[in-house]
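Accompanying notes for the structure given below.
Read the figures in this text as sums done on the coordinates, not as results from a lab. These numbers were taken from a predicted model, which means no experiment stands behind them. Heads up, the Cβs are rebuilt from the backbone with ideal geometry, glycines too, and the neighbour counts pull from every protein chain shown.
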């Protein structure tokens, strides 16, 4: 950040008093500007044993398959954001979202939160960020065409948990060079 969005004065990088890391601080109004991680929210929409997947129509990873997910918006809960992304990307109404998976990805300042959910009436379509959508049985997942490593890990765990019927909330850290 070069200039303060509040007053327009130049900012400088330094550690504020009683803090432990550098921040952008306005040289004019002294506002401290904090930059926090982005939260990505999404769903594993399931209908009659199949998973609703989306083929990406945007970068990054254009043309590859993923689950409906995206950046959380201000003023919504993580579950609301995950349901919104499911609607935006797959024209599907997410039912009974239940927290399932959290990934911390500190090297890119992101947190991923995924919910298990149903698909109302089994109805879905194609949103503006998807080339196509499809209900896929676990046996027919295109593993070599998945867009993101976290989606691969998430699907593997979900399939395992589906066999046992036990879906514990899991958390892990994705480090640089892994996933």
Fill in the blank from the handout: Helix 149-164: inclination vs the chain longest Cα principal axis, degrees, rounded to 10, gives 40 degrees
Handout entry: Highest-first arrangement of 18-31, 100-113, where packing means the average Cβ count within 10 Å
Key = 100-113, 18-31
Exercise for the section: Would you please state the base-10 log of I(q)/I(0) at q = 0.13, 0.22, 0.24, 0.25 1/Å for region 77-179, with intensities from the Debye formula using one equal scatterer on every alpha carbon? Expected result: -0.52, -1.52, -1.60, -1.60
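Kindly state, to the nearest 0.05, the FRET efficiency for residue 123 paired with residue 172, given R0 = 22 Å and r defined as their beta-carbon distance. Display every interim value, and only then the final one.
Details: r = 33 Å, r/R0 = 1.50.
Computed FRET efficiency for residue 123 and residue 172 comes out at 0.10.
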Problem - Inter-centroid distance (Cα atoms) of region 44-74 relative to region 97-121, Å - result: 12 Å
Practice task
Using only the Cα atoms, work out Rg/Rh for region 36-104, with Rh taken as the Kirkwood radius, to two decimals.
Solution key: 0.95
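Subtract the Cα-Cα distance of residue 21 and residue 3 from 0.36 nm times their separation in residues, and report this length gain in nm to one decimal.
Details: separation 18, 0.36 × 18 = 6.48 nm, distance 1.92 nm.
That pair, residue 21 and residue 3, stretches by 4.6 nm at full extension.
Could you sort the peptides 76-85, 161-170 by per-residue average Cβ neighbour count (10 Å cutoff), highest mean leading? Provide the component values of the computation, followed by the final result.
Working: 76-85: 19.9, 161-170: 11.3.
Listed from highest to lowest mean packing, they are 76-85, 161-170.
Of all DSSP beta bridges in the chain, what percent run antiparallel (nearest 5)?
That works out to approximately 65 percent antiparallel.
Extension gain residue 29-residue 93, at 0.36 nm per residue separation less the Cα-Cα distance, in nm? Mind dumping the intermediate values first?
Values: separation 64, 0.36 × 64 = 23.04 nm, distance 4.56 nm.
Length gained between residue 29 and residue 93: 18.5 nm.
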Practice task
Would you mind checking the tilt of helix 78-90 against the longest principal axis of the Cα atoms of the chain, expressed as 0 to 90 degrees and rounded to 10?
Solution key: 60 degrees
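Compute the semi-axes of the equivalent ellipsoid of the chain, taking the square root of 5 times each eigenvalue of the Cα gyration tensor, and list them largest first in whole Å.
Numbers: eigenvalues 263, 62, 46 Å².
Semi-axis lengths for the chain are 36, 18, 15 Å.
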Handout entry: Ellipticity estimate at 222 nm from DSSP helix runs (n ≥ 4, -39,500 (n - 2.57)) divided over the chain, nearest 500
Key = -5500 deg cm²/dmol
